[in-house]
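Notes for the one structure printed next.
The numbers here are math on the coordinates, done by the rules we state, and not lab data. None of the values given here were measured: they were computed from a predicted structure. No Cβ is skipped: glycine too gets one built from the backbone with ideal geometry, and neighbour counts run over all protein chains shown.
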């Protein structure tokens, strides 16, 4: 059975780029444009891993992470950020909420692939 990856980002090109990249690696990909959509999609598909943008309009990534963890304490979530997490302090909060790791935008595919494949294989 294919592993399921949920990609949450308010930038459509980022979502589609990452989804196409991982579909070529035989990973079933789902996308969401915001926190509300991410919560609905996660409830339906129970993704094996979530790539979650921190900065989004509406429900931001930190609050989305909190709600995903309320739904499923075992959810695996990797945060995506355009700023250095240590600068904003957001990643420290995300770690406390249970985020596994983070990746920077622009997405470096080699790094992203290593992190995603590692988390999906654990």
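Just to be sure I understand, how many residues within the range 17-40 are touching a strand residue (DSSP E or B) at 6+ places or on another chain (Cβ under 7 Å) and under 21 Å from residue 111 (Cβ atoms)?
Within the range 17-40, residues that are touching a strand residue (DSSP E or B) at 6+ places or on another chain (Cβ under 7 Å) and under 21 Å from residue 111 (Cβ atoms) number 7.
For residue 5, indicate whether it is in contact (Cβ under 8 Å) with a residue 24 or more places away in the chain, buried (at least 23 other Cβ atoms within 10 Å of the Cβ) and closer than 14 Å to residue 99 by Cβ.
no
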